[in-house]
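Worksheet for the structure shown next.
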Amino acid sequence: MFAVNFLLLGAVLFCIGVFGVIARRNAVMVLMSVELILNSVNLNLIAFALMNGNVDGQIFALYVIAIAAAEVGVGLAMVLLVYRNRRSIALDELSEMKG
Amino acid sequence: MLAQVNDSVNVAQNVGFAVIAAPMVVAALFLVSTKNVVHAALWLVVVLAGMAALYVLAAAEFVAVSQVLVYVGAVMVLFLFGIMLTRAQIGRDVGLNNRGWAIGIPVAVVLLGLLSYVIIDAYEDTKLPDAGGPTPTEAISDGVLSPYLIPFLAISFILLAAAIGAIVLARKD
């Protein structure tokens with residue numbers, strides 16, 4: 001396998017995730033796109049671990065998985081709270097903090 | 001890429017990579033374009049499972065199993081709970097995109113062009129070595145528990161804080 005296989009796939013998934021974060025209005029969909037971004041980074045880490053022949057990249061990938069799990073838990077709790085207060089999770093309506 | 005195949009490249013691995021990668025890209029595109037929130041969650045499952053398969057292809061078995069356990073198991077259930085509890089419309093939903101969503105297309109395309117240029121420039125001919133079998137989990141545990149012990153402890157505290165924070169935020173009273 002070539003290193004560019006993994007790296008280009010990671011780049012494609014990253015850009016699709018960035019598009020999702022920009023385009024989506026529903027907070028849950030934005031969180032899904034963020035997961036896509038984090039996963040594409042993991043793919044790069046795994047490819048570099050294989051390229052350099054040590055396990056450091058795999059350890060980083062495991063840590064990223066743990067952080068992503070924590071992020072989803074807190075993120076969805078916040079979405080739930082917003083929904084309970086406003087009956088809507090459309091991100092463009094959350095403008096109370098605008099100065 | 002197949003045009004560059006020579007004796008030192010394992011063709012079967014490249015074909016396997018393409019077979020896994022193509023559905024992943026298609027599923028990711030559906031994920032960001034579908035009008036149905038539940039379908040988006042299911043497309044995300046396809047991407048995450050394909051990712052686990054690629055980890056196996058790159059000889060990272062332990063990470064692949066963790067990916068299936070954490071993402072396809074726990075995170076997807078969390079997402080489905082989030083969708084159900086926020087009572088998103090089951091079925092087509094017209095209000096899923098921002099008004100200015102089209103601005104995302106040029107941003108993503110320019111970013112992809114930039115990233116591909118850099119990647120191809122830097123790693124054009126780099127071949128990944130044959131791993132010769134799975135990575136021993138022993139090596140990963142040795143890494144986690146000796147040189148990367150401090151980050152490991154930090155992540156333990158982050159997970160604890162996240163669990164407490166999620167409970168406090170989501171409680172009814």
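Only one entry in B:26, B:65, B:38 is farther than 22 Å from residue A:29 by Cα, more than 9 Å from chain A (Cβ to nearest Cβ) and either of a type outside the set (Gly, Ala, Ser) or open to solvent by 60 Å² or more (accessible area, probe 1.4 Å) (or both), namely B:65. Every listed requirement among (1) within 7 Å of chain A (Cβ to nearest Cβ); (2) open to solvent by less than 90 Å² (accessible area, probe 1.4 Å) is met by residue B:136 save one, (1).
Specify the residue that is farthest from residue B:167 (Cα to Cα); the eligible residues are those in the stretch A:81-99 that are in a loop (DSSP other than H, G, I, E, B) and free of Cβ contacts under 8 Å to residues at least 24 places away in the same chain. It comes out as A:99. Just one of (1) part of a helix (DSSP H, G or I); (2) within 19 Å of residue B:14 (Cβ to Cβ); (3) within 7 Å of another protein chain (Cβ to nearest Cβ) fails for residue B:50. It is (3). Against the definition (closer than 20 Å to residue A:13 by Cβ, at pLDDT 90 or above and over 20 Å from the mean Cα position of the chain (by Cα)), how does residue B:149 come out, yes or no? Criteria not met by residue B:149. Take the conditions within 7 Å of chain A (Cβ to nearest Cβ) and touching a residue at least 12 places away in the same chain (Cβ under 8 Å) and apply them to residue B:126. Does it pass? Criteria not met by residue B:126. Scanning the stretch A:52-66 for residues that are facing chain B (nearest Cβ under 7 Å), open to solvent by 50 Å² or more (accessible area, probe 1.4 Å) and either aliphatic (A, V, I, L, M) or not in a helix (DSSP H, G or I) (or both) gives a single hit, A:53. Whether any residue in the stretch B:84-94 is in contact with a helix residue (DSSP H, G or I) (Cβ under 8 Å, 6 or more places away or on another chain), farther than 30 Å from residue A:85 by Cβ and either facing chain A (nearest Cβ under 7 Å) or in a helix (DSSP H, G or I) (or both) is what I want to check. So far as the stretch B:84-94 goes, no, none of its residues is in contact with a helix residue (DSSP H, G or I) (Cβ under 8 Å, 6 or more places away or on another chain), farther than 30 Å from residue A:85 by Cβ and either facing chain A (nearest Cβ under 7 Å) or in a helix (DSSP H, G or I) (or both). The set of residues in the stretch B:35-62 being β-branched (Val, Ile, Thr) and touching a residue at least 60 places away in the same chain (Cβ under 8 Å) is empty. For the stretch A:29-36, state whether one or more residues are in contact with a Lys or Arg (Cβ under 6 Å, 6 or more places away or on another chain) and more than 7 Å from chain B (Cβ to nearest Cβ). So far as the stretch A:29-36 goes, yes, one or more of its residues are in contact with a Lys or Arg (Cβ under 6 Å, 6 or more places away or on another chain) and more than 7 Å from chain B (Cβ to nearest Cβ).
The numbered conditions (1) at the interface with chain B (Cβ under 8 Å from one of its Cβ atoms); (2) crowded, with 18+ Cβ neighbours inside 10 Å are all true for residue A:45 except (1). For the stretch B:103-123, the set of residues classified as farther than 15 Å from residue A:48 by Cα and more than 8 Å from chain A (Cβ to nearest Cβ) consists of B:106, B:110, B:113, B:114, B:117, B:118, B:121, listed by residue number. Among the residues of the stretch A:1-30, those identified as among the aromatic types (Phe, Trp, Tyr) and open to solvent by less than 10 Å² (accessible area, probe 1.4 Å) are A:2, A:6. Highlighted here are the helices (runs of 4 or more DSSP H) found entirely within the stretch B:98-173 that include at least 1 residues which are acidic (Asp, Glu): B:104-123, B:137-145.
The values are calculated or read from the model by the stated rules, or taken from the named source; none is laboratory data. The model shown is predicted, which means the values in this text are computed figures rather than measured ones. Counting neighbours? That spans all protein chains shown, and the Cβs are built from the backbone with ideal geometry, glycine included. Only protein heavy atoms, including side chains, enter the accessible area calculation; ligands, DNA and RNA are left aside. Shrake-Rupley method; radii C 1.70, N 1.55, O 1.52, S 1.80 Å.
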